[in-house]
Amino acid sequence: MNVIADRFRLLATGVCATLALSGCAAAPGAQTTAPSPSANKHGAPVLTQPELDTAQFVPDPCRLLAAPQLAQLGITVSGQPEDSPLGKACRWVATDTAAKVDFSLDINTQIGGLDQLYGRKNVFRVWQPLEISGYPAVIADEAGKPFGQCRTNVAVSNTVLVATGLQLKAGLDKPTDFDDPCPRGVKILEQVIRTLQGGR
């Protein structure tokens with residue numbers, strides 16, 4: 001069972017139901033640049049960094065992490081393309097390697113940006129705003145305890161989120177950071193932002 005994918009499908013279905021009139025019918029890969037607001041309706045932080053263009057990566061999110069970046073993250077396996085309710089995703093299954101992690105990346109061009117996610121924050125039992133490389137982000141999870149898993153969203157523009165969901169290996173062979181998995185997601189998204197900024 002792909003726990004990450006199943007939980008993401010449930011989240012995405014709820015988001016699309018809420019926002020059916022405002023974007024989930026958009027064509028996959030569509031991206032628009034919205035004017036930077038002085039304040040957001042639902043209280044999300046205002047984007048103060050330059051918007052990053054994800055268009056070339058939407059068809060193949062595996063390209064968001066190059067081999068040297070994966071090596072920095074301790075990942076020795078190749079990413080595998082997957083479909084998600086919001087378009088294409090990429091998954092790296094490294095559970096049986098020294099990294100002991102299974103994680104995915106997706107580019108969310110459908111829900112309308114971070115402020116729309118803030119509009120639904122009451123459905124999450126874990127809600128932790130933060131910044132990643134200067135871009136507003138949030139750790140949002142419906143589970144009350146991490147249990148080795150974490151989902152982190154970063155706003156790379158006013159309308160687009162890049163998200164990573166990860167699950168650390170459980171059991172007697174679990175990694176030492178099993179009870180604090182989210183910093184790994186932050187490191188992954190730092191590398192993604194570097195890619196989007198044109199550096200690898």
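The values are calculated or read from the model by the stated rules, or taken from the named source; none is laboratory data. Note that the coordinates shown come from a computational prediction; the quantities given were computed from them, not determined experimentally. Here the Cβ positions follow ideal geometry from the backbone for every residue, glycine too, while neighbour counts run over all protein chains shown. Protein only, heavy atoms only, side chains kept; ligands, DNA and RNA dropped before computing areas. Shrake-Rupley method; radii C 1.70, N 1.55, O 1.52, S 1.80 Å.
Taking the criterion of being surrounded by 12 or more Cβ atoms within 10 Å (Cβ to Cβ) and part of a loop (DSSP other than H, G, I, E, B), the residues of region 167-182 that qualify are Lys169, Ala170, Lys174, Pro175, Asp177, Phe178, Asp179, Asp180, Pro181. Within region 74-125, take every residue that is open to solvent by 40 Å² or more (accessible area, probe 1.4 Å) and among the charged types (D, E, K, R) and give me the one that is nearest to Asp141 (Cα to Cα). Ranking the candidates gives Arg125 first.
Applying the selection to region 53-87, what residues are of a type in the set (Gly, Ala, Ser), over 21 Å from Ala155 (Cβ atoms) and either within 15 Å of the chain's Cα centre (by Cα) or in a loop (DSSP other than H, G, I, E, B) (or both)? Selection gives Ala66, Gly74, Ser78, Gly79.
Yes or no, residue by residue, for (1) small (Gly, Ala, Ser); (2) closer than 23 Å to Gly43 by Cβ; (3) in contact with a helix residue (DSSP H, G or I) (Cβ under 7 Å, 6 or more places away or on another chain):
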position: Leu117; (1), (2), (3): no, yes, no
position: Asn122; (1), (2), (3): no, yes, no
position: Arg125; (1), (2), (3): no, yes, no
position: Pro129; (1), (2), (3): no, yes, no
position: Thr159; (1), (2), (3): no, yes, no
position: Gln167; (1), (2), (3): no, no, yes
position: Gly171; (1), (2), (3): yes, no, no
position: Gln191; (1), (2), (3): no, no, yes
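Filtered by the rule that a residue be within 25 Å of Asp53 (Cβ to Cβ) and within 15 Å of the chain's Cα centre (by Cα), region 116-134 gives Gln116, Leu117, Tyr118, Pro129, Leu130, Glu131, Ile132, Ser133.
For region 126-140, name all the residues that are of a type in the set (Ser, Thr, Tyr) and either assigned to a loop (DSSP other than H, G, I, E, B) or open to solvent by 20 Å² or more (accessible area, probe 1.4 Å) (or both). Reasoning before the result, please.
Filtering region 126-140 for residues of a type in the set (Ser, Thr, Tyr) gives 133, 135.
Selection gives Ser133 alone.
Could you say which residue among Leu86, Leu64, Leu52 is over 22 Å from Arg194 (Cα atoms) and either touching a Leu at 6+ places or on another chain (Cβ under 7 Å) or modelled with pLDDT under 95 (or both)?
On the way: Leu64 fails: over 22 Å from Arg194 (Cα atoms); Leu52 fails: over 22 Å from Arg194 (Cα atoms).
Exactly one of Leu86, Leu64, Leu52 is over 22 Å from Arg194 (Cα atoms) and either touching a Leu at 6+ places or on another chain (Cβ under 7 Å) or modelled with pLDDT under 95 (or both), namely Leu86.
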